[in-house]
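Notes to accompany the following structure.
The values are calculated or read from the model by the stated rules, or taken from the named source; none is laboratory data. If you're wondering where the values come from, they're calculated on a predicted model, not measured in any experiment. Cβ placement follows ideal geometry from the backbone for every residue including glycine, while neighbour counts extend to all protein chains displayed. In case anyone asks, the SASA skips ligands and DNA or RNA and just uses the protein heavy atoms, side chains included. Shrake-Rupley method; radii C 1.70, N 1.55, O 1.52, S 1.80 Å.
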Amino acid sequence: MSMSGKFRLWVIHALLGLECIHAAEPHHDATDSGDTGAQKMKRVIEEEHEIGFIQTLLVHPTPISVQQSDYQTIEVYESDHFGKVFLLDEALQLTERDAPHYNEMLAHVPMMEYLAVQQPDEGGTINALVIGGGDGYVTSELLKYPNVVIDHVDLDKEVINVSKEHFEWSSAWEDERVNLIVGDGAAFVREQVEKKKKYHVIVQDASDPFWYDENGEKIILPSHVLYDMKHFDGIYALLEDSNGVFMFQAETYNIPSNLEEIQTWKKSLEEIGFDGVRYGSIAIPTYSTGQIGFFVAHVSNKDMVCKSDGGVCTMDLSAGLIDWTVVSSQFEKITGTTKYYHPRIHRSAFDLPFWVEEAIYDSKE
C-alpha cells in the first residue's frame, strides 16, 4: 500500500516528531466495529508490514479537536478505556491511560541516573534539554525535580497549542523554569554546540527514523538526522564532561529492522565515547507490539561495569556507577507522584529476553 497524502505530510514533521511515531502505516476509518455495544466507532489502525502485524484502537467518531498545522493534521479523540487519544496525521501518539509508561521512563531514568552518580549541592541547578515531545509530558515529569531548568525545543507550534488545550500535563510550559523554543531540534543542537552550551541531561523524544512499506522498501524519514553519528556527536558535546546523561526513544526489538538499528545505535554511541550504553524496555499496550525501548548513555569520567556471561555482555550497573540506594532516596524527594516509574522498574527495565540480550550485547558482534 502506498503512503497516503496524509502520511506523506506526516513524515515531514518527523524531524522532531511528537512522542514516538511508530514505523507503521496509519489507517483511520469509521466502519462499524461489529460489536453491538460499540457501533460506529472509529478505528485507529497501525500496520507493521514487515512482520504482518496490525493493531486497532476504537475511539468515538466525533473528534474533540481537529487542527491543521503547517506540517500535519492534529486530532484528539475520546476512547472508552484509554481516555483521550492524540493523533498526528492519523498516527497514534499517545493515550491518557498509558502515556505515563513511556514519558515517565524517558524523564525519570536519566534524571535518577544523573543524581545517583553526582548529587548536586543543595540548590544546585540541573540543566536539561528536551528535543521533541511536543505534548509536554516529558517536560512535566522533569519539573518534578525542584532544581531543574529546561530548554524544550519542538517543531510544530500547533501541536503545542492543541496539547495545552486538551492535556493537563501541558501546564508545564507555564513554569518559569521552562524555556520553550519552536524550531528544528537538530539545528538547535548544532547552534548550542557552537555556543559551547552544556547540559546535565538530554532527552530526545523523537519520531521514528524509517519504516517499511508493504513491498519491503525502507522509507527513510526526515527524523533520521536525529539518529546519525553527526547528531549523536553534537549531543555528546553538549553534555557535561564529568557527568551527563543522554536518553532517547529507540524502537521495539520485536521488529527485525528495528533490532538491527538498535545494534547500530549502540555501536555508534560507544564509538563516539558514551559509557554505559544500555537498552531498556517499556511495556505500553497502544504502541505497536506492546513494547517500546530506549537507550540511556553516560558521559562520565568514572568506569562503567559490564558483566559477561556466556558471551553476552549486559550492562548491570548495580556494582558500578549507579548507586540504587541513591535512586530510591531521590525518588522519595520528587514533587508529585508517578503512575509507571519507580526504582525497581527502572532497574529491571534492562533485563531483556535472552535472545534480545544476545543481539544487542553479544561481544562477538
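Kindly indicate whether any position in region 242-255 is open to solvent by 10 Å² or more (accessible area, probe 1.4 Å) and part of a helix (DSSP H, G or I). Can you show your working first?
Of region 242-255, the ones open to solvent by 10 Å² or more (accessible area, probe 1.4 Å) are 242, 253-254.
Filter once more, keeping what is part of a helix (DSSP H, G or I): none.
Taking every residue of region 242-255 in turn, none turns out to be open to solvent by 10 Å² or more (accessible area, probe 1.4 Å) and part of a helix (DSSP H, G or I).
So, of the residues in region 261-274 that are over 18 Å from the mean Cα position of the chain (by Cα) and not in a loop (DSSP other than H, G, I, E, B), which turns out to be surrounded by the fewest Cβ atoms within 10 Å (Cβ to Cβ)? Step through it out loud before you land on a result.
Narrowing region 261-274 to residues over 18 Å from the mean Cα position of the chain (by Cα): 267-268, 270-274.
The next check asks that each one be not in a loop (DSSP other than H, G, I, E, B); those that pass are 267-268, 270-272.
Values: Lys267: 13, Ser268: 17, Glu270: 13, Glu271: 11, Ile272: 17.
The extreme case among them is Glu271.
For region 41-59, how many residues meet the condition of being in a strand (DSSP E or B) and open to solvent by 50 Å² or more (accessible area, probe 1.4 Å)? Steps first, please.
Going through region 41-59, the residues in a strand (DSSP E or B) turn out to be 42-48, 53-59.
Now drop any that are not open to solvent by 50 Å² or more (accessible area, probe 1.4 Å), which leaves 43, 53-54, 56, 58.
Residues flagged as in a strand (DSSP E or B) and open to solvent by 50 Å² or more (accessible area, probe 1.4 Å) within region 41-59 amount to 5.
Of the residues in region 78-93, how many are in a loop (DSSP other than H, G, I, E, B) and open to solvent by 10 Å² or more (accessible area, probe 1.4 Å)? Lay out the reasoning, then the answer.
First pass over region 78-93, keeping only residues in a loop (DSSP other than H, G, I, E, B): 80-82, 89-90.
Retained after the next criterion (residues that are open to solvent by 10 Å² or more (accessible area, probe 1.4 Å)): 80-82, 90.
The number of residues fulfilling the criteria is 4.
Yes or no: Thr62 open to solvent by less than 40 Å² (accessible area, probe 1.4 Å) and β-branched (Val, Ile, Thr)?
Details: open to solvent by less than 40 Å² (accessible area, probe 1.4 Å): no; β-branched (Val, Ile, Thr): yes.
When the stated conditions are applied, Thr62 does not pass them.
Any idea how many residues of region 208-241 are open to solvent by 50 Å² or more (accessible area, probe 1.4 Å), aliphatic (A, V, I, L, M) and in contact with a His (Cβ under 9 Å, 6 or more places away or on another chain)?
1
Restricting attention to strands (runs of 3 or more DSSP E) lying wholly within region 94-205, give those where 1 or more residues are modelled with pLDDT of 95 or more, among the small types (Gly, Ala, Ser) and open to solvent by less than 10 Å² (accessible area, probe 1.4 Å).
Details: elements: 126-132, 148-154, 178-182, 201-205.
Qualifying strands (runs of 3 or more DSSP E): 126-132.
Among the residues of region 14-27, write down those that are surrounded by 19 or more Cβ atoms within 10 Å (Cβ to Cβ) and either modelled with pLDDT of 95 or more or assigned to a strand (DSSP E or B) (or both). Full working, then the answer.
Step one: of region 14-27, the residues surrounded by 19 or more Cβ atoms within 10 Å (Cβ to Cβ) are 14-26.
Answer for region 14-27, where residues must be surrounded by 19 or more Cβ atoms within 10 Å (Cβ to Cβ) and either modelled with pLDDT of 95 or more or assigned to a strand (DSSP E or B) (or both): Glu25, Pro26.
Tell me which residues, restricted to region 352-365, are open to solvent by 50 Å² or more (accessible area, probe 1.4 Å), modelled with pLDDT of 95 or more and charged (D, E, K, R). Spell out the reasoning first.
Applying the first criterion (open to solvent by 50 Å² or more (accessible area, probe 1.4 Å)) to region 352-365 yields 354-355, 358, 363-365.
Those left that are additionally modelled with pLDDT of 95 or more: 354-355, 358.
Result: Glu358, single match.
Residue-wise test of (1) modelled with pLDDT under 90; (2) within 24 Å of the chain's Cα centre (by Cα).
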position: Ser300; (1), (2): yes, yes
position: Met315; (1), (2): yes, yes
position: Gly320; (1), (2): yes, no
position: Ser329; (1), (2): no, no
position: Tyr341; (1), (2): no, yes
position: His346; (1), (2): no, yes
position: Phe350; (1), (2): no, yes
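Restricting attention to region 209-225, report how many residues are farther than 14 Å from Thr264 by Cα and either more than 18 Å from the chain's Cα centre (by Cα) or at pLDDT 80 or above (or both).
Looking only at that region, the number is 10.
Suppose we keep only residues that are assigned to a helix (DSSP H, G or I) and in contact with a Phe, Trp or Tyr (Cβ under 9 Å, 6 or more places away or on another chain) within region 275-301. Which one would you say is surrounded by the most Cβ atoms within 10 Å (Cβ to Cβ)? Show your work before the answer.
Initially, region 275-301 is screened for residues assigned to a helix (DSSP H, G or I), giving 288-290.
Subset that is in contact with a Phe, Trp or Tyr (Cβ under 9 Å, 6 or more places away or on another chain): 288-289.
Details: Ser288: 24, Thr289: 17.
Only one residue tops the list, namely Ser288.
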